[in-house]
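Here's the structure, in structure tokens; my notes come after.
The values are calculated or read from the model by the stated rules, or taken from the named source; none is laboratory data. In this text, all values refer to a predicted model and were calculated from it rather than measured experimentally. With ideal geometry, Cβ positions are generated from the backbone for all residues, glycine too; neighbour counts draw on all protein chains shown. Side chains are part of the model used for accessible areas, which takes the heavy atoms of the whole protein and leaves out ligands, DNA and RNA. Shrake-Rupley method; radii C 1.70, N 1.55, O 1.52, S 1.80 Å.
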Amino acid sequence: PSPCALTTYLWVTQMNHLSMDIDKYAGRTRKDWPSLQAVATCNVEGGWFNDWFTGHLNYQIEHHLFPTMPRHNYAKVAPLVKQMFERSGRGDDYVCKTLLGAFGDIVSSLEGYGHVWREAYSEM
């Protein structure tokens, strides 16, 4: 694969995972499958460009819940999944970001990780 394709792949896969706060698992009284999938990832808004650019993997919550579902169907089930979370009182677990917001979260996460590494190695 070309460097451009690899870079695109990394940004697309990380925008749904890297910036999510996994500490949300701690203290959860209910650790049911749908809720754990939702707090470990997020969606990025749909639309013709985002769906094309991400290969429909901008619907990452649906992808985690239904990994064998054809990707082009995620946009169809997303409103139903969101409604399920809202009806069960877990609407805050269903996070949907803008594409630029998700990219910004990657940069923020990398900056935070850089600070941790700098502190760890400056003490050596």
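Accessible area, 1.4 Å probe, largest first: how do Met69, Met15 sort? Can you show the working numbers first?
Working: Met69 45, Met15 0 Å².
Sorted by accessible area, descending: Met69, Met15.
Protein chains only, probe 1.4 Å: how do Ser122, Ser109 rank by accessible area, largest first?
In descending accessible area the options line up as Ser122, Ser109.
Taking only the alpha-carbon positions of the chain and ignoring solvent, what does the Debye formula give for the base-10 log of I(q)/I(0) at q = 0.21, 0.22, 0.23 Å⁻¹?
Treating every Cα as an identical point scatterer, log10 I(q)/I(0) equals -1.23, -1.30, -1.37.
Quantify, in whole percent, the carbon and sulfur part of the accessible surface of the chain (1.4 Å probe; protein heavy atoms only). Could the numbers behind the result be given before it?
On the way: 4980 of 7940 Å².
It is 63 percent, rounded to a whole number.
Along the charge dipole of the chain, pointing to its positive end and built from +1/-1 on Cβ of Lys, Arg, Asp and Glu, which listed residue (Val77, Pro3, Ala40) has its Cα farthest out?
My answer, from the dipole projection, is Val77.
Report the accessible area of Thr68, computed with a 1.4 Å probe over the heavy atoms of all protein chains in place, in Å² rounded to the nearest 10.
About 130 Å², rounded to the nearest 10.
Using a 1.4 angstrom probe, figure out how much accessible area the chain has per residue, in square angstrom, rounded to the nearest whole.
Averaged over the residues of the chain, the accessible area is 64 Å².
Please list, ordered by chain and number, the residues whose modelled amide H lies under 5 Å from the amide H of Lys97; skip anything fewer than 5 residues away on the same chain.
For Lys97, the qualifying residues are Asn43, Val44, Glu45.
Once you list every other residue whose beta carbon is under 14 Å from the beta carbon of Leu57, what net charge do they have if Lys and Arg are +1 and Asp and Glu are -1?
Cβ neighbours under 14 Å give a net charge of -1.
How would Cys4, Cys96, Cys42 rank on accessible area, largest to smallest, probe 1.4 Å? Let's see the in-between values first.
Values: Cys4 95, Cys96 75, Cys42 0 Å².
Reading off the accessible areas and sorting them downward yields Cys4, Cys96, Cys42.
Which value, in Å² rounded to 10, gives the accessible area of His115 with a 1.4 Å probe and all protein chains present?
80 Å²
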